[in-house]
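A.B. asks: My questions all concern the structure below.
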Amino acid sequence: MSNLTFHQATNKDIKELLDLSLRGYASIRELGINFAAATADEKLVEKNVNENICFYMKDGDEMVATASIRMPWSSHHGPFEIPHIWWVAVAPEYKRKGYASKLLDFIENDYLRDTLHCPSVSLGTAKEHPWLAEMYLKRGYEKVGESDLGKGHVTIYLEKLLLAKTYKKR
């Protein structure tokens, strides 16, 4: 983890993002959790890149992680009127080495807080996943709700304060 760089994805990155996403979400598919990114195709990756803010991180020349932000005005916005992080994936050979944390730090702090001055950010994860919700809680997120969206799992919504001092009542 010596030469990390952050990039906003463009259409030229679609094939590499798809490969990273499918490999990174293999364990999600094995758990039977229906995240859109876990079974993405080129068309869905293209839609994500063009309708959301999709970042990826490289370590040297290798694309090692990706995450996207759905903005409140997008056609597939999050549940609240704040940016919503989704599609967080790390290449399997780079998992458990801190790459997701580095990418999320960049998105939460450098981009959302310091560049866009966002008061907070949300994300959702499957209640049934054995450790994702706990990971986000350790990163400073708070549970703000849950919903059954008819995808075979219950979605837990979490929010992290970036500039705001208190959570809005949700």
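The values are calculated or read from the model by the stated rules, or taken from the named source; none is laboratory data. Bear in mind that the values here come from a model prediction, so they are computed numbers and not experimental data. Cβ placement follows ideal geometry from the backbone for every residue including glycine, while neighbour counts extend to all protein chains displayed. Heads up: the accessible areas ignore ligands, DNA and RNA and are worked out on the full protein's heavy atoms, side chains in. Shrake-Rupley method; radii C 1.70, N 1.55, O 1.52, S 1.80 Å.
A.B. asks: Scan (1) modelled with pLDDT under 95; (2) under 13 Å from the mean Cα position of the chain (by Cα) for the single condition M71 breaks and write down its number.
C.D. replies: The single condition M71 does not satisfy is (1).
A.B. asks: Is one or more of the residues making up region 73-85 farther than 25 Å from G152 by Cα, in contact with a Leu (Cβ under 9 Å, 6 or more places away or on another chain), open to solvent by 40 Å² or more (accessible area, probe 1.4 Å) and of a type outside the set (V, I, T)?
C.D. replies: Scanning region 73-85, I find no residue that is farther than 25 Å from G152 by Cα, in contact with a Leu (Cβ under 9 Å, 6 or more places away or on another chain), open to solvent by 40 Å² or more (accessible area, probe 1.4 Å) and of a type outside the set (V, I, T), so the answer is no.
A.B. asks: Further, regarding this structure: Which residues, taken from region 25-57, are modelled with pLDDT of 95 or more, under 16 Å from the mean Cα position of the chain (by Cα) and within 17 Å of A91 (Cα to Cα)?
C.D. replies: Those that are modelled with pLDDT of 95 or more, under 16 Å from the mean Cα position of the chain (by Cα) and within 17 Å of A91 (Cα to Cα): A40, V45, C54, F55, Y56, M57.
A.B. asks: Let me ask something else about it. Looking only at region 86-101, which residues are within 19 Å of L158 (Cβ to Cβ) and not aliphatic (A, V, I, L, M)?
C.D. replies: Hits for region 86-101 are W86, W87, S101.
A.B. asks: May I pose another question? Residue under question is R23, and the condition is that it be outside any loop (DSSP other than H, G, I, E, B) and over 19 Å from G124 (Cβ atoms); does it hold?
C.D. replies: Values: outside any loop (DSSP other than H, G, I, E, B): yes; over 19 Å from G124 (Cβ atoms): yes.
So R23 passes the test.
A.B. asks: Restricting attention to region 69-81, does a residue exist that is in contact with an Asp or Glu (Cβ under 9 Å, 6 or more places away or on another chain), of a type in the set (F, W, Y) and touching a residue at least 40 places away in the same chain (Cβ under 8 Å)?
C.D. replies: yes
A.B. asks: Of everything in region 130-141, what is at pLDDT below 95, farther than 17 Å from G98 by Cβ and either among the acidic types (D, E) or within 15 Å of the chain's Cα centre (by Cα) (or both)? Give them in sequence order.
C.D. replies: A133, the sole residue that qualifies.
A.B. asks: Take K47 and tell me if it is open to solvent by 10 Å² or more (accessible area, probe 1.4 Å), under 19 Å from Q8 (Cα atoms), outside any helix (DSSP H, G or I) and not acidic (D, E).
C.D. replies: No: the conditions fail for K47.
A.B. asks: Return the residue satisfying two criteria in turn: it lies in region 108-125 and is among the aliphatic types (A, V, I, L, M) and either in contact (Cβ under 8 Å) with a residue 40 or more places away in the chain or touching a strand residue (DSSP E or B) at 6+ places or on another chain (Cβ under 6 Å) (or both), and of such residues it is surrounded by the fewest Cβ atoms within 10 Å (Cβ to Cβ).
C.D. replies: First, the residues of region 108-125 that are among the aliphatic types (A, V, I, L, M): 112, 116, 121, 123.
Among the residues that remain, those that are also either in contact (Cβ under 8 Å) with a residue 40 or more places away in the chain or touching a strand residue (DSSP E or B) at 6+ places or on another chain (Cβ under 6 Å) (or both) are: 112, 121, 123.
Details: L112: 23, V121: 25, L123: 26.
Out of the qualifying residues, it is L112.
A.B. asks: When region 50-64 is examined, which residues are found to be open to solvent by less than 40 Å² (accessible area, probe 1.4 Å), more than 25 Å from P119 (Cβ to Cβ) and touching a strand residue (DSSP E or B) at 6+ places or on another chain (Cβ under 8 Å)? Can you show your working first?
C.D. replies: Initial filter on region 50-64 (open to solvent by less than 40 Å² (accessible area, probe 1.4 Å)): 52-57, 59-60, 63-64.
Those still in the list that are more than 25 Å from P119 (Cβ to Cβ) too: 56, 59-60, 63-64.
Passing the criteria: Y56, D59, M63, V64.
A.B. asks: Mind checking which residues of region 149-162 are in a strand (DSSP E or B), surrounded by 15 or more Cβ atoms within 10 Å (Cβ to Cβ) and without any contact (Cβ under 8 Å) to a residue 60 or more places away in the chain?
C.D. replies: Here is the first cut: in region 149-162, the ones in a strand (DSSP E or B) are 154-161.
With surrounded by 15 or more Cβ atoms within 10 Å (Cβ to Cβ) added as a condition, the list becomes 155-161.
Result: T155, I156, L158, K160, L161.
A.B. asks: I've got another one for you. Give E146, E128 a once-over and let me know the one that is touching a residue at least 40 places away in the same chain (Cβ under 8 Å), surrounded by fewer than 18 Cβ atoms within 10 Å (Cβ to Cβ) and not hydrophobic (A, V, I, L, M, F, W, C).
C.D. replies: Going through E146, E128 in turn, just one is touching a residue at least 40 places away in the same chain (Cβ under 8 Å), surrounded by fewer than 18 Cβ atoms within 10 Å (Cβ to Cβ) and not hydrophobic (A, V, I, L, M, F, W, C): E128.
A.B. asks: Further question on the same structure: Could you give me the residue pairs with C-beta distances under 7 Å whose first residue belongs to region 48-59 and is touching a residue at least 12 places away in the same chain (Cβ under 8 Å), whose second residue is aromatic (F, W, Y) wherever it lies, and which are 6+ apart or on separate chains?
C.D. replies: N48/W87; F55/F6; M57/F6; M57/Y99
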